[in-house]
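K.L.:
Quick one: structure below, then a few questions.
The values are calculated or read from the model by the stated rules, or taken from the named source; none is laboratory data. Being a predicted model, the structure only gives us computed values, none of them experimental. We place every Cβ from the backbone using ideal geometry, glycine too, and count neighbours over all the protein chains shown. Side chains included, ligands, DNA and RNA excluded: accessible areas come from the protein's heavy atoms. Shrake-Rupley method; radii C 1.70, N 1.55, O 1.52, S 1.80 Å.
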Amino acid sequence: MAKTARERLARLLGDSEPTGSFSAQLLAPAQLLQLEVSGVGPVRLPLRAPLAKKLIAVARPAMFGRGEETLTDTNVRDTWELTPDQITLGGPGWTALMNRALEHFRDELGLPQTSCLRAEPHSMLVYGKGQFFLPHQDSEKDDAMVGTLVVSLPSAHTGGELVIDHAGESIAYRASKEELTFVAFYADCRHQVTPVRSGYRVTLTFNLLAGTETPAPEAGPATELAQCLTEHFTTPATPRYQSRDLGLPNRLVFLLDHEYTQRGLNWRRLKGVDAERAALVRAAAEQAGCETVLALAEVKETWDALPADGDRWDDYHEDEDPDDFELNGLIDDEITLGWWTNPDGTGSEPISLYVPDYEVCAPTPSAHLTPYQSEYEGYMGNYGNTLDRWYRRAAIVVWPRDRAFAARAEAGSQWTLHELRDRIDAGDREGARAAAESLAPFWNKVGAQAGLLGAALDVAASLDVAGTAAMLLEPFRAETVTQDHADGLAAVAGRYGDEWTRNVIDGWLGPGHHYGTDRSEWVNNNLPGLCGTLRALGNPEVARLLAAGAWRWMDDQLRLWTTIARSEVRQPQLEILSSPLVRLLEAADDALRDEITGALRECGDTVLECLMPALRLPDARAAGLDTVARDCAQRLATIVARPLRDEDNWSIEWTGCGCDRCDTLRTFLGSRSQRIFEWPLATAGRQHVHTRIDSAGLPVRHRTRRQGRPYTLVLTKTDELFTRATNARHKAATDLAWLTSTRGDASART
């Protein structure tokens, strides 16, 4: 017996009588159709081989769609195609026959009685011997398209069966040799045409389009469903594998059986049992005080599985069919909604919403459907044998009207901010505040979408509640703030004060929002203009907070990279920081500029690898750079004045970690005369010494002589000890000469 409300809902909907099949067939007399083809003339039925060859002569190789592309590949689709403008359909009985056929297929496919099907000509296809079409799924070429109609002309041929698959069921249709054979099927069904073995298979294909809306059923049949909905939304949720309560669920997601495209996702065009279930759910939702939308879902399931007739420890081979497995137990599933309609049915929008298992109701389990992708992982010890399967399913999403704002907001923040703005503009500030407060449990995860900071600042300023306003702005980071946001920043700062603004900006610039090169680009491209505009608007404090936060980041970066010993690692990173440093000094006020230049003087000489590239930049005349230039000149002059190393001095200054091995290494390195040291050392010791030498970038070659026990580590000081010092002195002299020639006054005041 089902235990939860959603499980009872799944059972109730699953027990409903199916209203139709996914495909259906109809035979009709051939004389009711009169057919003409441009360049060929009348087509007499049954169709003979000579006439089929004439049709091929005016046809083209058939194409097929793959994603956004239209391709021709005879390894996938090998047939001939004529376009609708080449074909004329008529005859005294053809229109009446087609009308009767469409009514027949409406009923057989389970479409509502109020639906009106139309058949739109798509193509004429001619298959000769050996030609085929591999399994595929038709694209919905019109918003109203629900399926495909294939009319096979009578002809003597073998093979060429139309095989249609859906939800694990497969039906093969063979064309009559004497009569017209009509076959209709839903557009989401995978189907194929098997190779023709002899003769010619000729068909007319049509897009099936549906109109009118399905009326909701009377309230009676939906009453029990409404009671289940009410229970679901008033009972704390429990995860599948835990007993703890998670609070009341925000929504219920009913997974449907058929696939739909974004264009075709519409209440009027639901297929078969989906239409019946949707009508029941909508009626129940109305009784229970809920709203409904249609959505598209991506489903991933991970199963414990074994190959059919296979062994648990067999290796999986790529040529095995990943669908040919026995499913033993569901390990995990993930459901994400990526698109949904508006509750009023007037439009739709992209979203991103993860749906936990306790908010899902699936009358038909995904395992009963055909996945569009499967991946099998063989035996992996504790991981067992797992099979991942992916499905695309439509869904009905239900939520209580009194929780509609939060339910929608969790999936798409753009609508959220517009709705809050509309409520404020309508004079419902209290309603807007209450709605905004309902976002707190999840807003930090979904709020920071690109391009929304301006709207968030606008709403935050208008709410006039400091805590709620801070919550709305919390998800964003400094890298999203541009000069265009200066007015909004000024408004919220003026509304809530300096302390509130400091906390918000510190959050944007904090360690949790550190995004690598994004911060560097933001300082480079946005910070000076943003700070300048804020000062022009009379908000120097906000500008100072932003620049000070940027300096904290820059200071951390300089402290990190200037202490890296290996120049090939250190130098490129410091050079990258040169331009942001110049822009930061440009954005800073006098007090912060003095703080920055003072901190730069405290850095080691490796900071020159950032400062000299900065001074060479075209915009390096910004205030504060004269002080930097004087400091650089002093450092460079000191380096140039250092005496050259004596030719017999092989000593290297170095301090290790303090262990016995590092003390031994330090003694060797400090010797003026010893160049080579042979050191019997076990594996762990050799690794430790290797790491210390490499991380410090010492001019010492190390190799292991694998003789005896333990092996001998041979350390040799290299000539790089002398060339490094010479090169550093030469570079310092060159930089000092350039600095003197371009900034003579600044360097002269050293």
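K.L.:
R0 = 45 Å: FRET efficiency of Ala367 with Asp422, Cβ-based, nearest 0.05?
P.N.:
My answer for the efficiency is 0.55.
K.L.:
Just to be sure I understand the model, the point goes 7 Å from the Cα along the line to the Cβ. What's the resulting Asp719 to Glu286 distance in nm?
P.N.:
About 9.3 nm, to one decimal.
K.L.:
Where the Cα atoms of region 547-609 are projected onto their three principal axes, how long is each span, largest first, in whole Å?
P.N.:
Principal extents (largest minus smallest coordinate, Cα): 35, 20, 16 Å.
K.L.:
I would also like to ask the following. What nm value, rounded to one decimal, do you get for the distance between Ala682 and Lys300 when each label is placed 7 Å out toward the C-beta?
P.N.:
4.5
K.L.:
With each run of n ≥ 4 DSSP H residues scored as -39500 (n - 2.57), what mean residue ellipticity at 222 nm is computed for the chain after dividing by its residue count and rounding to the nearest 500 deg cm²/dmol?
P.N.:
-12000 deg cm²/dmol
K.L.:
Using a simple spin-label model with points 7 Å from Cα along the Cα→Cβ vector, what separation in nm is obtained for Arg118 and Gln573?
P.N.:
6.5
K.L.:
Could you point to the residue in Ala682, Leu337, Gly128 farthest towards the positive end of the chain's charge dipole, with +1 and -1 charges on the Cβ of Lys/Arg and Asp/Glu respectively?
P.N.:
Value computed over the given set: Ala682.
K.L.:
Show me, for region 361-369, the HN-Hα J-couplings you get by feeding each phi into the Karplus relation (A = 6.51, B = -1.76, C = 1.60, θ = phi - 60°), rounded to Hz, glycine and proline as x.
P.N.:
Values per residue, Gly and Pro as x: 10, 10, x, 10, x, 4, 4, 7, 9 Hz.
K.L.:
Against the globular-protein guess of 2.2 N^0.38 Å, express the Cα radius of gyration of region 623-750 as a ratio, rounded to two decimals.
P.N.:
The reported ratio for this selection is 1.44.
K.L.:
Taking 8 Å as the Cα distance limit and 6 or more residues as the minimum spacing, I'd like the relative contact order of the chain as a percentage.
P.N.:
That works out to 8 percent.
K.L.:
Here's something else I'd like to know. Calculate the length of the line joining the C-alpha centroid of region 93-152 to that of region 261-287, in whole Å.
P.N.:
22
K.L.:
Another one. Counting only protein chains, not ligands or nucleic acids, how are Tyr354, Tyr260 ordered by accessible area (probe 1.4 Å), most first?
P.N.:
Highest to lowest solvent-accessible surface, that is Tyr354, Tyr260.
K.L.:
Give me the extension gain from Arg100 to Thr235: residue separation times 0.36 nm, minus the current Cα-Cα distance, reported in nm with one decimal.
P.N.:
Contour length minus the Cα-Cα distance gives 43.6 nm.
K.L.:
Given (i) 68, 38, 29; (ii) 61, 28, 22; (iii) 42, 31, 25 as candidate values of semi-axes √(5λ) of the Cα gyration tensor in Å, which corresponds to the one derived from the coordinates?
P.N.:
(i)
K.L.:
Per residue, how much accessible area does region 591-718 have with a 1.4 Å probe, in Å²?
P.N.:
54
K.L.:
In square angstrom, what is the accessible area per residue of region 102-162 with a 1.4 angstrom probe?
P.N.:
Spelled out: the 1.4 Å probe surface of region 102-162, per residue, equals 36 Å².
K.L.:
So for region 24-67, considering every pair of alpha-carbon atoms, how many percent are separated by more than 11 Å?
P.N.:
More than 11 Å apart: 74 percent of the Cα pairs in region 24-67.
K.L.:
Using θ = phi - 60° and the Karplus curve 6.51 cos²θ - 1.76 cosθ + 1.60, what whole-Hz ³J(HN,Hα) does each residue of region 643-648 get, with Gly and Pro shown as x?
P.N.:
So the J values, rounded to whole Hz, are x, 5, 5, 4, 5, 9.
K.L.:
Next up: Carbon-plus-sulfur fraction of the accessible area of the chain, 1.4 Å probe, in percent?
P.N.:
In the chain, the share of accessible area belonging to carbon and sulfur is 48 percent.
K.L.:
With every protein chain present, what is the per residue accessible area of region 337-479 (1.4 Å probe, Å²)?
P.N.:
Each residue of region 337-479 exposes 42 Å² on average to a 1.4 Å probe.
K.L.:
At 1.4 Å probe size, what's the solvent-accessible area of Phe677? Round to the nearest 10 Å².
P.N.:
Here the accessible area works out near 40 Å².
K.L.:
Right, something else. Long-range amide H contacts for Val360: which residues qualify at under 5 Å (H placed 1.01 Å from N, peptide plane, sequence gap of 5 or more or a different chain)?
P.N.:
Here the answer is Val253, since their amide H atoms fall under 5 Å of that of Val360.
K.L.:
Can I ask one more? Amide H to amide H under 5 Å from Ile331: which residues, 5+ apart in sequence or cross-chain, H placed 1.01 Å off N in plane?
P.N.:
Thr302, Trp303, Asp304
K.L.:
Got a sec to turn the phi values of region 397-403 into Karplus ³J(HN,Hα) couplings, 6.51 cos²θ - 1.76 cosθ + 1.60 with θ = phi - 60°, whole Hz, x for Gly and Pro?
P.N.:
10, 10, 8, x, 4, 6, 10
K.L.:
With r as the distance between the Cβ atoms of Asp646 and Arg666 and R0 = 25 Å, compute the FRET efficiency 1/(1 + (r/R0)^6) and round to 0.05.
P.N.:
Working from the Cβ atoms, E equals 0.75.
K.L.:
Take the cross-link list Lys54/Lys129; Lys141/Lys271; Lys300/Lys445; Lys54/Lys177; Lys129/Lys271; Lys54/Lys271 and give me the ones stretching past 27 Å between alpha-carbons.
P.N.:
The pairs that break the limit, which is 27 Å between Cα atoms, are Lys129/Lys271; Lys54/Lys271.
K.L.:
5 Å is the cut-off here: which amide hydrogens, built 1.01 Å from N in the peptide plane, fall below it relative to Glu291, excluding neighbours closer than 5 in sequence?
P.N.:
Those qualifying (amide H under 5 Å, at least 5 residues apart or on another chain) are Trp399, Arg401.
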